[in-house]
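Structure, as structure tokens:
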Amino acid sequence: MNMRRYLSPPLRRIPAFIRHWRLSLKFSLLLASGLLAAASSNAAQASETVTIQLKWLHQFQFAGYYAAQDQGYYREAGLEVKLLEARPGHDSLQAVMQGEAQYGIGNTALLAARARGLPVVVLASLYQHSAAALLVRRDAGGKPHLGPNSRIMLAPNNEELALFLRKYGIPTESLLPVAHNFSYGDLLDGNIDAMSVYTTEAPYILEHSSLGYQILTPRSQGDDFYGDVLYTTESELRDHPRRAAALRAATLRGWAYAMQHPDELVDLIRARYPQRHSRELLLYEAQHIVPLLAQDSIELGYSDPLRWQAIADSYMAQGMLPEDFKLEGFLYQPEQQQGWRRHLPVLLPVLVLLLIAALLWRMRHRLLPAHRPPHSELPLAGTATPPGSGSSSAASPATPTSSGVHAVAVSQRTLQDAGADALLLLDPDGKIRAANPRARQLLAQAAAPAGQLCWPALRADGSPYDASNHPLQLALLTAAPVTDAIIGLPTPAGSVLWLLANIELVADERRAVSALAVSLRPAPVPAHAAGPATAAAAPSSQPQTAAYPPPPHCAPQVPVDH
């Protein structure tokens, strides 16, 4: 029932949640949990489209990204991710720099890009070891045909193979470059002498060919480079830190799933890109990617700053990086990049919950009486004034006292317009200050004594209330609303009128209790009520006196501690 409708404007300051404190607390917790759910699923509610530029053609090399798409990890992060396949003669790094994609797959050549002033940042080092290698034709004598003026086909941004060639004694400037077309045909036909390949697929493709070849890897010469790395730009991290973090996390989940379900991912790749490799080749590729990820010994996607520095030192030694090159800002650090914003999904609902709690506390302390000693100089409004104070000993039901009753007076017209519920406003000593017609009817039927706080009443088990547990006294003692208390009021007919009572305190401007707002409505007859109280009967035309114990004595001037 909404008492707010029937109280005067000052009383409307009392919020509804104070009347039903437990419900308001439950509402607050539900609101906070809803905000937590909203915060944690915020990304999922606002889908963003981003593109990842691949460094090669579709194959198992990018299985983790396909898995993150297919398993819905990107969607859970609020992302719609497009995978852009590399194109012959097209620089994948430039696609990211020019905004065609927000993320890309690269390698340690990103160090050189950073040294040139490109704002690239490594998000995750997925391949702990590089699969890049040189596939070289053997000459008639069985020796690798690689030297000055050799025709070589290198994929863009392959500084690690350029460094390897320098160490091998063959500067790239002495070679004849040929644009990479992602095909082994030119090597098989003798149009080129060497080409960059991946060790995860080249041996399988060349297994049944008659070509004499040799695979040369930087790792065999002591240079252990990182392989495929996920990267982005400084502007993406600055403008969309949460998106970058979400994409990184979803990608790592995708890779973990892909390596646990390689057969499933092979079937997925075959279904999406049937024009690419055979199932056998994809399974071969999956098998040889396992040691490159090194998941059994290193956290998936981990970037070791010391190892990256060692790789940078190798480039510096060959004059491929400036000697003053620093890694600062090159490696993504989730804890540093996002700063305090990374805590928002957790902090936001917590802060809102604290705000709600503070609001409840503030309203409760503003509207309920402050703790006062028994002999406080400020008596409760509407009660008898201590002797010798020079003021009236009691307040008239129709006339408010000067201690602040005006702030809690009830509109008589509003009470008269009330509905089926009985509404009362009592002084703390039990005097009826105002009542609507339904309340007056009930009081006449039950013969409730005027000017007595604790009416003679029965509990649900049929026993009489005493001063310690009477709902009206309980409201004063606890300074808290009493909700749906069962009260049995004796009637002149000898029956009992069973009611549900809701009681709340009303405070004046000094936060002293000045009234009790009581609403009454019919209650079902308790099944275990004893004696003559087992059933409610209509009032008899012949009044009778029921034999009930005398009403308990309730002291109105009880200090309220809240």
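The values are calculated or read from the model by the stated rules, or taken from the named source; none is laboratory data. No experiment lies behind these values; they were computed from the predicted model shown. Using ideal geometry, Cβ is built from the backbone for each residue, glycine included, and neighbour counts are taken over all protein chains shown. Each accessible area value is taken on the protein alone, full model and side chains, heavy atoms only, with ligands, DNA and RNA left out. Shrake-Rupley method; radii C 1.70, N 1.55, O 1.52, S 1.80 Å.
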By accessible area (1.4 Å), largest first, VAL525, VAL136 order as VAL525, VAL136
Give the accessible area for LYS82 in Å² (nearest 10); use a 1.4 Å probe, count only protein heavy atoms, and leave out ligands, DNA and RNA.
-> 120
With 0.36 nm assigned to each residue of separation and the Cα-Cα distance removed, ASP267 to GLN441 gains 54.6 nm
Can you send over the solvent-accessible area of SER210, 1.4 Å probe, protein chains only, in Å² to the nearest 10?
-> 120
For TRP56, list long-range residues whose amide hydrogen, built 1.01 Å from N in the peptide plane, is under 5 Å from its own amide hydrogen.
-> ALA86
Restricting attention to the alpha-carbon atoms of the stretch 92-132, what are Rg (one decimal) and Dmax (integer), both in Å?
-> 10.5, 28
The local net charge around TYR226, scoring Lys/Arg +1 and Asp/Glu -1 for residues other than TYR226 whose Cβ lies under 10 Å from its Cβ, equals -3
What is the distance, in nm, between label points placed 7 Å from the Cα along the Cα-to-Cβ direction at GLN295 and at ASP324?
-> 4.4
Cα-based shape type of the stretch 182-338, given that a ≥ b ≥ c are square roots of the gyration tensor eigenvalues and the cut on a/c is 1.5 | oblate
Counting all C-alpha pairs of the stretch 257-313, share separated by more than 14 Å (%) | 64
Taking a straight Cα-to-Cα line shorter than 26 Å from LYS143, and setting aside same-chain lysines fewer than 8 residues away, one finds LYS167
For ALA124, list long-range residues whose amide hydrogen, built 1.01 Å from N in the peptide plane, is under 5 Å from its own amide hydrogen.
-> LEU230
Could you do me a favour and compute the accessible area per residue for the stretch 119-224, 1.4 Å probe, result in Å²?
-> 41
For an R0 of 30 angstrom, estimate the FRET efficiency from the Cβ-Cβ distance between VAL178 and ALA310 and round to the nearest 0.05.
-> 0.40
